[in-house]
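Worksheet: the structure to be examined is printed underneath.
Here, each number is a calculation from the coordinates, and none is a lab measurement. Keep in mind that this is a model prediction, so the values were computed, not measured. Quick reminder, even Gly has a Cβ in these numbers, built from the backbone with ideal geometry, and neighbours come from all protein chains shown.
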Amino acid sequence: MVKSHLIIVPCHSLWKIDNGLEPGNYGQSFKHWFLAPFQHEGRDHLSFVMHSLLAINELLDDTEHSLLLFSGSCTKKEAGTVSEAQSYFLHARKLLNAVSYGFDLPLAFTSHEDIWKYCVLINKKMKSQSLTVDELFASHISVEEFALDSLDNLLYSLVKFRSLTSNDASRVTISGFGFKKTRFLELHAVAIDYRPSQINYISYEPQPISIDPKELEAYKQNLEHQEMNSALIPFRADWYATKSPLLDKKCQRNPFNLTPDYSLPFTRKENIENDEAFFKSTIEHKMPWSLGAQT
């Protein structure tokens, strides 16, 4: 069984792992997550659940050749040394085990058309493949626990995929917020010499409620505005996030000063003066997944 398809769920928060003490915690409430204030209006926590379900549904279309990685580091001091990736992994496993055993799910999920639809669909696919939830998660799903931004999500996941499978991913699927698609395909993939044409992006946006069409349009425009100012413009000026403000954000998201424990294809140096020159000298045609690279 040769794995060649990497599926990535970029994590955006931490689920408050119940540790068996809160059996009714399936992540249906914002109280079950460590959320930033801006993540409340769009009910982002429900989108996080959907990102996991969409990725797992994709995985089940070709479990033989696919590996799913939840990607995200230990970003919240109040959560302790628990990674975003590990919390997503445990959350999805708990939710799908509940579905497979026929447990009653919270109304927030059974009344959420998309969440319920994909829970049922995933359960059906697992049964058709004679897979239990625990078998699926043990053999086909893992975690990348050091990413601090979206560039890391892609780069570190490719590296982790290689370390787990001894292969380079010939194609990538990312399940995440649609408004972040441009940064992954047009900026990050290019910066690390991974062909954007080999990336499939599954989008699921925040789903705010109780707002009229005008307010919804304003909400969407604000998301696009924030994406432009906080990600697209900074990453176009700083491909590898080695300078302020992107480096500052990474430091703020790393309260435990963690560093990756796997070998990276290149070492990003602080304050790369010329990103294009660095790309030409260090990245282009030299990454293990580069077109024509010698492995």
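A few remarks follow.
- Here S230 meets the list (1) over 20 Å from the mean Cα position of the chain (by Cα); (2) within 27 Å of E84 (Cα to Cα); (3) among the polar types (S, T, N, Q) almost entirely, failing just condition (1).
- Scanning region 1-40 for residues that are surrounded by fewer than 16 Cβ atoms within 10 Å (Cβ to Cβ) and either under 25 Å from I199 (Cα atoms) or not hydrophobic (A, V, I, L, M, F, W, C) (or both) turns up M1, V2, N19, G20, E22, P23, G24, S29, K31, P37, H40.
Yes/no matrix, rows are residues, columns are (1) under 17 Å from D152 (Cα atoms); (2) of a type in the set (D, E, K, R); (3) surrounded by fewer than 12 Cβ atoms within 10 Å (Cβ to Cβ); (4) in contact with a Cys (Cβ under 9 Å, 6 or more places away or on another chain):
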| position | (1), (2), (3), (4) |
| --- | --- |
| H188 | yes, no, no, no |
| N200 | no, no, no, no |
| Y204 | no, no, no, no |
| K220 | no, yes, no, no |
| P234 | yes, no, no, no |
| W239 | yes, no, no, no |
| K243 | yes, yes, no, no |
| N254 | yes, no, no, yes |
| L258 | yes, no, no, yes |
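- Of all positions in region 45-55, at least one carries a residue that is part of a helix (DSSP H, G or I) and without any contact (Cβ under 8 Å) to a residue 40 or more places away in the chain.
- Test result for N153, within 15 Å of G72 (Cβ to Cβ) and either in contact (Cβ under 8 Å) with a residue 40 or more places away in the chain or not basic (K, R) (or both): yes
- Matching residues, region 160-170, being out of contact with any Phe, Trp or Tyr (no Cβ under 6 Å at 6 or more places or on another chain) and in contact (Cβ under 8 Å) with a residue 60 or more places away in the chain: K160, F161, R162, L164, T165, N167, S170
- Of all residues in region 189-209, those that are free of Cβ contacts under 8 Å to residues at least 60 places away in the same chain and either assigned to a loop (DSSP other than H, G, I, E, B) or closer than 28 Å to V49 by Cβ (or both) total 7.
- Criterion: of a type in the set (S, T, Y) and over 21 Å from the mean Cα position of the chain (by Cα) - qualifying residue of S244, S263: S244
- Residue list for region 76-87, filter: within 14 Å of the chain's Cα centre (by Cα) and either polar (S, T, N, Q) or within 10 Å of I141 (Cβ to Cβ) (or both): S83, Q86, S87
- Scanning region 118-138 for residues being under 26 Å from S73 (Cα atoms), in contact (Cβ under 8 Å) with a residue 24 or more places away in the chain and not hydrophobic (A, V, I, L, M, F, W, C) gives a total of 1.
- Checked against (1) closer than 14 Å to L67 by Cα; (2) among the charged types (D, E, K, R); (3) surrounded by fewer than 23 Cβ atoms within 10 Å (Cβ to Cβ), E144 passes all but condition (3).
- Where F103 falls short, out of the listed (1) within 27 Å of S130 (Cα to Cα); (2) in contact (Cβ under 8 Å) with a residue 24 or more places away in the chain: (2)
- Here region 89-133 is the region considered, the condition is being aromatic (F, W, Y) and in a helix (DSSP H, G or I), and the residue that is farthest from I209 (Cα to Cα) is F89.
- Positions within region 134-152 being within 15 Å of S263 (Cα to Cα) and part of a helix (DSSP H, G or I), in sequence order: D152
- Filtered residue count, region 62-88, keeping only those that are assigned to a loop (DSSP other than H, G, I, E, B), hydrophobic (A, V, I, L, M, F, W, C) and in contact with a helix residue (DSSP H, G or I) (Cβ under 7 Å, 6 or more places away or on another chain): 0
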